[in-house]
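A short worksheet on the structure shown next.
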Amino acid sequence: MNVGKSDKSILIVDDTAIYRQIFLKAAEQIPSVGRVEVARSGREAVQMVRKGGFGLVICDLIMPEMDGLLTLNEIQNVRPEQQIVVVSGVSSRDSDITVEALSLGALDFIEKPRGKDMEANLNQLSGAFYRLLRTAALARPQAVKQRSESPKPTTLRAVPKQSVTPRLSSLQTLAVGTPALVLIGVSTGGPNALKQLLPKIPADFPAPIALVQHMPAGFTATLARQLDSECSLTVREAEEGDTLKAGTVYIAPGGKHLELNTTASNDVLACTITDGVPVNSCKPAVDILFGSVAASSYRRSVLSVILTGMGNDGADGVAALKQGKSICLTQSQDSCVVYGMPKAVDDRSLSNEQVPLDSMAERILAWAMPGYKNEKSA
């Protein structure tokens, strides 16, 4: 896939000369790249974006005076459609800031190269930049404009049926009884999407939720901790042997696969963490999680949800779950940052409903808690 002419410009933002030089060299190796410019500070970057947008802004997070988070916020104010990738270090503090940036609407992140051979892997870094430039070209501006501060947990009085596009029959017709499990797969744009979705689900939600967010090791624990602080649900990174409990969200650990298997008594699902090869170039992979449940006795009482993301991870897993008559919701195209993973499911007619992100919690509750309403407003 070629990036369009107007989308090939790159702005590199870093206060350190050596990194500006390395990133500039990597960007200039991209075939048919457009202009590549550098900014030495967040303030300078904002001014450059104000004068004209770029196909991609690559911004360091740790900078003096105006750090990456402030720069991200200011660029979004100046040009809401601008796609920004942040550059992260490897410390726990770096992962905290990185996940916060993603939750605030950064498109993705890359880890900052380190060591004596920082320039030795320019081809690899250039390939990463090119993939990010392609992703930025596919991202939808209207989805980017929905970036906002953390939503507060809300309660729902009714499910607005007009907000969804049914693919088969309605959830009310398909769903029978209380669900055993909700599965979620998400990638590019995921932290921001999860930040909008999960706080809307109440603490007394009657099923556990297991999810895969494509992330490397060290970042999913931070994502879980940040979401847990904003949700009524309990959110945690899944650990080997965890038995699933209602009202708890289990996030697959970065760099590992998460499988769910029934215990010896065959009545409880437990987490198994594996270190297998990447699937769909992903680790963790949505297909691994979904496929493990499809092979269990729980496959007939599952709601699967595919949110924004590049690629097709999750489509095969949904297909396997569908053999057990499960239900699937996909995020609607116009609300996705990148309509890749949901499209792969939609194109195979596996989705029961295509749902805007701001209505997704309502549709999940319609299936899991029919008639749910806030006691205070009842």
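The values are calculated or read from the model by the stated rules, or taken from the named source; none is laboratory data. Since the structure is predicted, the reported quantities are computational estimates derived from the model, not experimental observations. Quick reminder, even Gly has a Cβ in these numbers, built from the backbone with ideal geometry, and neighbours come from all protein chains shown. Side chains included, ligands, DNA and RNA excluded: accessible areas come from the protein's heavy atoms. Shrake-Rupley method; radii C 1.70, N 1.55, O 1.52, S 1.80 Å.
In segment 7-115, what percent of the accessible surface is made up of carbon and sulfur (1.4 Å probe, ligands and nucleic acids excluded)?
On the way: 2060 of 4380 Å².
Here it works out to 47 percent.
I need the shape label for segment 291-378. Rule: rounded when a/c is under 1.5, else prolate if a/b > b/c, else oblate, with a, b, c from the alpha carbon gyration tensor. Show your work: numbers first, answer last.
Numbers: a/c = 2.70, a/b = 1.24, b/c = 2.17.
Taking the square roots of the gyration eigenvalues as a ≥ b ≥ c, segment 291-378 is oblate.
Run the numbers for ILE18 and GLU44: contour at 0.36 nm per residue of separation, minus the present Cα-Cα distance, in nm.
7.6 nm is the gain from fully extending ILE18 to GLU44.
Once phi is turned into ³J(HN,Hα) by the Karplus curve 6.51 cos²θ - 1.76 cosθ + 1.60 with θ = phi - 60°, what whole-Hz value does each residue of segment 205-210 show in order, with x for glycine and proline?
Here the 3J(HN,Hα) series is 4, x, 9, x, 10, 10 Hz.
Using label points projected 7 Å from each Cα along Cα→Cβ, tell me how many nm separate LYS245 and SER349, to one decimal.
The two pseudo-label positions are separated by 4.3 nm.
How would segment 8-80 be classified by its alpha-carbon gyration tensor: rounded, prolate or oblate, with rounded meaning a/c under 1.5 and the a/b versus b/c comparison settling the rest?
Since a/c reaches 1.5 but b/c is at least a/b, the shape of segment 8-80 is classed as oblate.
With the Cα gyration tensor of segment 30-130 giving a ≥ b ≥ c as the square roots of its eigenvalues, does the rule (a/c under 1.5 for rounded; else a/b larger than b/c for prolate; else oblate) give rounded, prolate or oblate?
It is oblate, given that a/c is not under 1.5 and a/b is not larger than b/c.
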